[in-house]
Amino acid sequence: MNITIVGTGYVGLVSGTCLADLGHSVHCVDINEEKVTLMKNGQVPIYEPQLEEVFLRNIKGGRLFFTTDLSEAMRVSNVIFLALPTPPGEDGSADLSYVLEVAGQIGDLMTEYTLIVNKSTVPVGTSEKVYNLIKSKTQIPFDVVSNPEFLREGYAVEDFMNPERVIVGASSQKAFEIMDKIYLSLTNAGAKMIKMDEKSSELTKYASNSFLATKITFMNEIANYCEKVGADVDKVRLGMGSDQRIGNRFLFPGVGYGGSCFPKDVKALIKSGKEVGYTFEILESVEEVNQRQKTILVPEVEKYLGNLKNKQIAIWGLAFKENTDDIREASSLEIIEMLLNKGAKIRAYDSIAVKNVKKILGNKIEYAINMYECIEGADALIIVTEWGEFRNPHFDILEKKMNNKAIFDGRNLYNLDELQIHGFYYKSIGRKLING
Ligand code: UDX
């Protein structure tokens, strides 16, 4: 099939590249000329494992194209995926201006039946808004479908190619048939396609992300309580997770959730609820608890070091999670800000996300070129992101290079007995304090 993708951000680029890899011919449209030129020259503008390989394979295969001209793409395809940003406005509601602007252009340019597929995360009722807008511009038949994405950063290609489910919300048989064709090779391979109306589909996305954010936040509260009563959250997690009704994923406590989806979607669902007179009390608490959790280790460092003025703090990990360069809503930024306000000096290390942090923090902090340079002369080490390289450090190097043998681990990376043997003061989340 011939498919157009409008918006080559994270979702658009991954979806476009993967749809091309399923054998479709895909034209990706973006208004950013510089980015389009870059992609035409075979460069991937974001960091995402596996993406570059699939991207280059499909450019070479003549199935993946880039343009700034929507009309050029629409001349060859009558299925248009919208993968446009829906950033939170001041009040937390999703800003639909990009989606509606492009919907209007599609209405003006359409010359034959067109299927508009919305992949952006949008409030319930957006498909209807898009439908009404296009309807006001044309007599030509068309359908609007909701097809939310569930891609995790760092695993996006894998998630697209092996989805646990494909959600399709539509109200015409023709639209469902086209969607069946688009995803045929995935459903043939066993993926489940769940069909529903547009509003339920739109809400499925918000409900899923808000539920996962709640699950993590619940575990963060259990972890905080474990510390007070001397229980071990790792044991509690294993015990809880083996109940299939609960499941063992997304039960890892830490320094709060971040990223481009959970914080934005929780806020947007709360706001959408308010608009119809409903208060999501659970989600309001989730936001509040998560905010507190992000900086929970700072007072612990203070408890150990006393006044933080001129203390040298090492930070391992800046990305909001491993395998991404994304620092949106990252706990690292909040921790660093709090430490700087207390007069601490910071040297941070993250091999991938560092360039994005430099753009925001400039020379307010130092940047190390590797994890061991980062801890030289450090009075304490805080681990914020669970990158693989931090999982098995040479503790003897840490011992030699650090001023104090003190680790504050926001990701529970280490075995308590091992740290006990190495003689580190080791504070993790929801577990016993070691050598305290
Ligand atoms: C999420 C959803 O998983 C995906 O389906 C959606 O479409 C986009 O949002 P992503 O933001 O890439 O994906 O990351 P995810 O792996 O879900 O992690 C989100 C946050 O939760 C991270 O900050 C992560 O560190 C945190 N997390 C996750 C925990 O603190 N504990 C866990 O057990 C799992």
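Relative contact order for the range 295-427: 27 percent, from Cα pairs under 8 Å spaced at least 6 residues apart, divided by residue count.
In plain terms, the chain from Lys342 to Glu72 could stretch by 91.7 nm, reckoned as 0.36 nm per residue minus the Cα-Cα distance.
Nothing charged except the Cβ atoms of Lys and Arg (+1) and of Asp and Glu (-1): what's the magnitude of the dipole of the range 1-112 about its Cα centre? Round to the nearest 20 debye.
Values: 6 positive and 15 negative charges, 118 e Å.
Dipole of the range 1-112, to the nearest 20 debye: 560 debye.
Annotation: the residues Ile346, Ile246, sorted from fewest to most other C-beta atoms within 10 Å of their own C-beta, follow the order Ile246, Ile346.
Residue by residue, the range 160-176 carries 3J(HN,Hα) couplings of 5, 7, 10, x, 6, 7, 10, 9, 10, x, 8, 10, 10, 4, 4, 4, 4 Hz when phi is fed to the Karplus relation 6.51 cos²θ - 1.76 cosθ + 1.60 (θ = phi - 60°); x denotes Gly or Pro. Shape analysis of the range 82-215 places it in the oblate category; the axes a ≥ b ≥ c from the Cα gyration tensor give an a/c of at least 1.5, with a/b not above b/c.
Segment Glu52..Gln291, full-extension length gain: 82.6 nm, with 0.36 nm per residue of separation and the alpha-carbon distance subtracted.
Let me spell out the model: positive unit charges on the Cβ of Lys and Arg, negative unit charges on the Cβ of Asp and Glu, origin at the Cα centre of the range 71-128. What dipole size does that give, in debye rounded to 20? With only Lys, Arg, Asp and Glu charged at Cβ, the dipole is about 260 debye. In this label model, Ala231 and Ile421 are separated by 2.9 nm, measuring between points 7 Å along each Cα→Cβ vector. Note on Glu373 and Ser171: the model spin-label points, each 7 Å out from Cα along the C-beta direction, lie 5.9 nm apart. Ordering Ile383, Asn412, His394 by the projection of their Cα atoms onto the charge dipole of the range 348-420, which places +1 on the Cβ of Lys and Arg and -1 on the Cβ of Asp and Glu, puts Ile383 at the extreme positive end.
Using C-alpha positions alone, give me the convex hull volume of the chain per residue in cubic angstrom.
Details: hull volume 67.2 nm³, N = 436.
In the chain, the Cα hull volume divided by residue count equals 154 Å³.
For the chain, the Cβ-based charge dipole about the Cα centre amounts to some 480 debye (Lys, Arg positive; Asp, Glu negative; other atoms uncharged). Projecting the Cα atoms of Gly42, Ala83, His27 onto the charge dipole of the range 1-85 (Cβ charges, centred on the Cα centre) puts His27 farthest toward the positive pole. Potential lengthening of the chain between Leu184 and Leu109 amounts to 24.2 nm, from the contour at 0.36 nm per residue minus the alpha-carbon distance. As a proxy for reagent exposure, Arg391, Arg245 were ordered by neighbouring Cβ count within 10 angstrom, fewest first; the result is Arg245, Arg391.
Here is how the number arises for the chain: DSSP H runs of 4 or more residues each give -39500 (n - 2.57), the sum is divided by the residue count, and the result at 222 nm is -13500 deg cm²/dmol. Once you sort the root eigenvalues of the Cα gyration tensor of the range 295-427 as a ≥ b ≥ c, which label holds: rounded (a/c under 1.5), prolate (a/b larger than b/c) or oblate (the other case)? Judged from the Cα gyration tensor, the range 295-427 comes out oblate (a/c at least 1.5, b/c at or above a/b).
With a/c under 1.5 counting as rounded, go ahead and sort the range 2-196 into rounded, prolate or oblate using the C-alpha gyration tensor (a ≥ b ≥ c being the square roots of the eigenvalues; past the cut-off, prolate if a/b is larger than b/c, else oblate). Each step should come with its number before you reach the end.
Numbers: a/c = 1.32, a/b = 1.20, b/c = 1.10.
Here the range 2-196 falls in the rounded category.
For the pair the range 106-173 and the range 315-347, the centres of their Cα atoms are 36 angstrom apart.
Relative contact order, whole percent, for the chain stands at 11, derived from Cα pairs under 8 Å and 6 or more residues apart.
No lab work stands behind these numbers, since they all come straight from the coordinates. This is a predicted model, so every value here is computed, not measured. Ideal geometry is used to build each Cβ from the backbone, glycine not excepted, and the neighbour counts take in all protein chains shown.
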